Amino acid sequence: MRISSSQWFRQSLGSLLEQQTVAARTQQQLASGKSLLKPSDDPVAAARALDLDRAIDKLDQYGRNVSHVENRLRLQESALDGGIDLLQRVRELAVQANNGTQSDETRGAIAAEIEQLREAMLQQANRQDGNGHYLFGGYSEDQAPYMTLGRHALPALQDATGNRIPGVLLADGSLVPAMLDPDGLPVQDTALNAADYAPVASGQRQISVGATATVADSDPALTVFQYSGGGSSRDILASIQLVADSLRKPVVANGTIPLPVGSQEAATLATAMADALTRLDTDIGQLSDVRTSVGARLNQLDVQRDIQAESSLQLQSTRSDLVDVDYAEAAARLNQQLTGLQAAQQVFSKVQGMSLFDFM
Amino acid sequence: MSDMMGSALSALVSYQRALATTSHNIANANTDGYSRQRVELGTRVANQSGAGVIGSGVQVTAIRRSYDQFATEQMRSNTSGLAREQTFATMATQVESVVSDQTTGVNAALSRFFNAVQDVATDPSSLSARRVMLSEGEALSSRFRDIDSQLGSIDQDVNARLRASVTEINGYAQRIAELNQAIASATGGMGGAMPNDLMDARDQALLGLNQLVKVTTVEQGDGSLNVFIGSGQSLVLSGNAQQLQLGNNNFDPTRAEITLSDGGVITDFIEGGSLGGLLAFRQEVLTPMRNQVGLMAYAVASEMNAIQADGRDLSGNAGLPFFSVPPVAVQASSFNGGTGSVTASVASLAGLTGDNYRLVADGAGGFSLYSQPGDVAVNPADVGLTITLGGSANAGDSFLIRPTADVAAGLRVSLSAPGQIAAAAGTGAFGVGDNSNALRMAAIEDKAVLFGGKVSIADGVQNLVSELATSVRSAEIGAQAQRTLLSQSQARKESVSGVNLDEEAANLMKYQQAYQAAAQVASTANDIFQTMINAFGR
């Protein structure tokens, strides 16, 4: 085919410029570390990379969620451990008090210690995390789950306006507004409509720790310190108070008639102590159960963290394959392209210098 | 002997012309659109003699340009194809860098916002987590607004480029009309000989015109060319050029339309060239992309607001809307004769498509709705809209309804305090630590709410990015193909019409030698004549 001079010039210049463009692109890839400089370089890979970015970002977020809930569960675990220790101490004291050699005076001393322990238990139940949130508060983590009425620590209730009153757990499991009877014991306050009040420490958050995995956050007091066992509903703090109250009453010999006001027969105390011990055992069992469930959740979080680390690594490497430049390959490519460019330059200057006019 | 001198002189004159043409070729070796010219030589009319016919020398029969009609037309068509794809790709790449950027695109802002929602779901009573969510909400809405305003400035840029293109096209049309006149009179004046350089200039003008817009040509008997644009609208008829103008869209005064000086709107008929590329880009990428970005913004806002309304905030009050969304944009045509007015609102998110709709009143209070683009009749409820036509509209009055076009531009966070985020469920016992509503908010991102409830917002944004990438890619591939085709047709044209300097050098030598030989003949004839004079002079 006949070729014109300007065409020849254009062609050699064009191939020179093309070589330059290609080399510049490789250089840009090397400089940025990316093989995909914009999505349209490879729409399929770009869409995939976007997917991966999102997944990696999500994993990071789930990782943060895991840390947060783990922190709270560890705190709850330690509060529960503390609670179990307290109950065990109460149980030891109850055994010690349930002994014929004890006098009213020594029993009084033991009762005083048990009341101290009940106070400590109240501290545990109303324990706060680093942000001032009540660990056992459930949804109402800004409110203490337990409040005091007289010498009793009672679960808190609130009405629709946020008005807080103490409540008492009835044997049938209902938590109703409380008042003190003439003996100073908490009973239902029938002047108030129980239906207007709801327990404060209820509700348990679910935290997303994976695309489909959720873990329950810390348990509310309603399901930790209140439980149904032995056919009736019990409150662990009330159990402890009950032991102290029994020990406080002066003891008279069995069969004393009339029974002096405010005293009890030795047999009554013995029965009460026996009941109290059974109760304390189930109380300990309850806290251990909750602790086990918290431990199981902590294990689940560990597993979740491992899964996250592994998939994050995998996603990162897939993403890297898609969008990151292979330096060795790109450097070799650039070398080759520069050689090509050099050759094109040499050819250009040689060829363009040739003309028949030189021979005229 | 006079014959001898006559032949020599005819050769001298002819080769002078041949040398002049060769110099003209050499001089124009680098002139764009120049076709090399060849001198065609023929014998002069012979003298009859008793002995037979004696030749009387040479003459120039024609000076022709080497020209291949097919290759030239091919080159024009490829030039307009390449300009279209290149313009389309350049413009779409701009949109791509706005929408798809890894750090400033929609995807990144959306991802950060939903992470902040997750943080609130994990620790709902934390004011700092709520504050972060609120400010990420602000960031998201400002991303949407910013992207829309950048797309808006690309739209402005398109208008500016349209204006420049129209001016340039008018310039070319005028020039072609003038050249038509010159060619017609030259052809007539020279008894049918072609004005080669004028023809080249006109071809070059046509090539320039094709770079701007694809045109078709029909040659007339007098050598002039008629040029047609779009679907056959005449741009140049012999010596008269029509002017293209830039008018406003009858619905949207900010949208420029191409009109002919006789008033017809030809925007939709224009194909090819950088003008065709610009219009296609506006139609296929820019407008749909603004609508789609708006759709994503609307989806996030309406889902967030719905869930907010279901929940209770930190004080236990029912949730207020998180985002404020501008109303559906409705624009009346400037041609409307009646007093009708249209209000439209979104009835269902799942029904929205991102398309615009044209409402045409029937004059009796009713109307029909047509999708834009496509012009397919649709039912308002099927496309997620509730439309009321008030006032009295004349039959044929029309309105343009753009359900999501203005959403991104007007999206704002309407909550002012972090406590107003309704993380708690709307029913049941209230507690500040209740995260059940926040969990629902965090799930919005992956909930299939778009396009008939089949696509999630996260996927929608991703589709947006990959659709855009695909259209840029296909324009780039198209441009590459057109570039190859163009270089082929260019090579074909050049192989016929291009000047080869070596060839011209050879011709120069050839004609020089011939000229010298003819001069020698003349000198010999003179010698013979002198010999004769001397013979008789004594």
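Quick notes on this one:
- The string of couplings for segment B:50-65 from the Karplus curve (6.51, -1.76, 1.60, θ = phi - 60°) is x, 6, x, 9, 10, x, 10, x, 10, 9, 7, 8, 7, 10, 9, 9 Hz, one whole number per residue in order, with x for Gly and Pro.
- Whole-Hz ³J(HN,Hα) from phi, Karplus 6.51 cos²θ - 1.76 cosθ + 1.60, for segment B:425-438, glycine and proline x: 5, x, 10, x, 5, 8, x, 5, x, 6, 10, 5, 6, 5
- Spin-label model distance (nm) - B:Ser128 vs A:Ser320, 7 Å beyond Cα toward Cβ: 3.3 nm
- Cα extents of segment B:264-382 along the three principal axes, largest first (Å): 62, 41, 23
- Leading residue at positive end of dipole, segment B:401-538 (Cβ point charges), from B:Val461, B:Phe529, B:Ser471: B:Phe529
- Amide H contacts of B:Asp406 (H built 1.01 Å from N, under 5 Å, at least 5 apart or other chain): B:Ala329
- Amide H contacts of B:Gly57 (H built 1.01 Å from N, under 5 Å, at least 5 apart or other chain): B:Arg44
- Cα gyration tensor shape of segment A:186-262, rounded if a/c is under 1.5, else prolate or oblate by comparing a/b with b/c: prolate
- Per residue of peptide B:418-430, the mean number of Cβ atoms on other chains within 10 Å of the residue Cβ is 2.
- Anisotropy class of segment B:183-239 from Cα gyration tensor, a/c 1.5 cut: oblate
- Taking every residue in A:132-142 and counting other chain Cβ atoms within 10 Å of its Cβ, the average works out to 4.
- Those chymotrypsin sites (Phe, Trp or Tyr not before Pro) in segment A:225-329 that DSSP places in a loop and that have at most 11 other beta carbons within 10 Å: none
- Averaging the sequence gap over all C-alpha pairs within less than 8 Å and six or more residues apart, then dividing by the number of residues, gives segment A:3-154 a relative contact order of 13 percent.
- As a rough guide to protection, the peptides A:55-65, B:416-426, B:73-83 ranked by mean Cβ packing within 10 Å, highest first, stand as B:73-83, B:416-426, A:55-65.
- Across the options B:Thr339, A:Ala343, A:Val224, the greatest Cα extent toward the positive end of the charge dipole of the protein assembly as shown (unit charges at beta carbon of Lys, Arg, Asp, Glu) belongs to A:Ala343.
- FRET efficiency, 1/(1 + (r/R0)^6) with R0 45 Å, evaluated for B:Ser231 and A:Ala343 via beta carbons: 0.35
- With the convex hull of its Cα atoms as the shape, segment B:12-159 has an orientation-averaged projected area of 15.7 nm².
- Ordering A:Tyr134, B:Gly498, B:Ile26 by the projection of their Cα atoms onto the charge dipole of the protein assembly as shown, which places +1 on the Cβ of Lys and Arg and -1 on the Cβ of Asp and Glu, puts B:Ile26 at the extreme positive end.
- Charged-residue dipole, Cβ positions (Lys, Arg, Asp, Glu), segment B:187-260 about Cα centre, Debye nearest 20: 180 debye
- Protection proxy ranking, peptides B:114-124, A:191-201, average beta carbon neighbours within 10 Å, highest first: B:114-124, A:191-201
- Computed over segment B:307-377: relative contact order in percent, which uses C-alpha pairs under 8 Å that are six or more apart: 16 percent
- Residues whose placed amide H lies under 5 Å from that of A:Leu154, excluding near-sequence neighbours: A:Met147, A:Thr148, A:Leu149
- Dipole magnitude for segment A:73-123: computed about the Cα centre from +1 point charges on Lys and Arg Cβ and -1 point charges on Asp and Glu Cβ, it is near 120 debye.
- Per residue of peptide B:111-117, the mean number of Cβ atoms on other chains within 10 Å of the residue Cβ is 3.
- Remark: segment B:371-386, residue by residue, has Karplus-estimated 3J(HN,Hα) of 6, 10, x, x, 6, 9, 5, 10, 9, x, 5, 6, 10, x, 10, 10 Hz, where x stands for each Gly or Pro and the curve is 6.51 cos²θ - 1.76 cosθ + 1.60 at θ = phi - 60°.
- log₁₀ of I(q)/I(0) at q = 0.07, 0.11 Å⁻¹ - chain B, Debye sum with one point per alpha carbon: -0.61, -1.03
- Whole-Å semi-axes of the protein assembly as shown's equivalent ellipsoid (Cα gyration tensor): 98, 33, 14
- Near-label residues of segment B:168-198 by backbone N, under 19 Å of a point 7 Å along Cα→Cβ of B:Phe269: B:169-170, B:173-174
- Cα gyration tensor, segment B:407-451 - rounded (a/c under 1.5), prolate or oblate: oblate
- Cleavage-rule hits (chymotrypsin sites (Phe, Trp or Tyr not before Pro)) in segment B:275-336: DSSP loop, at most 13 neighbouring Cβ within 10 angstrom: B:Phe335
- Here the protein assembly as shown is treated with +1 on each Lys and Arg Cβ and -1 on each Asp and Glu Cβ, and its dipole about the Cα centre works out to around 3200 debye.
Bear in mind that the values in this text are calculations on the coordinates, not laboratory data. All of these numbers come straight from a predicted model, not from anything done at the bench. Ideal geometry is used to build each Cβ from the backbone, glycine not excepted, and the neighbour counts take in all protein chains shown.
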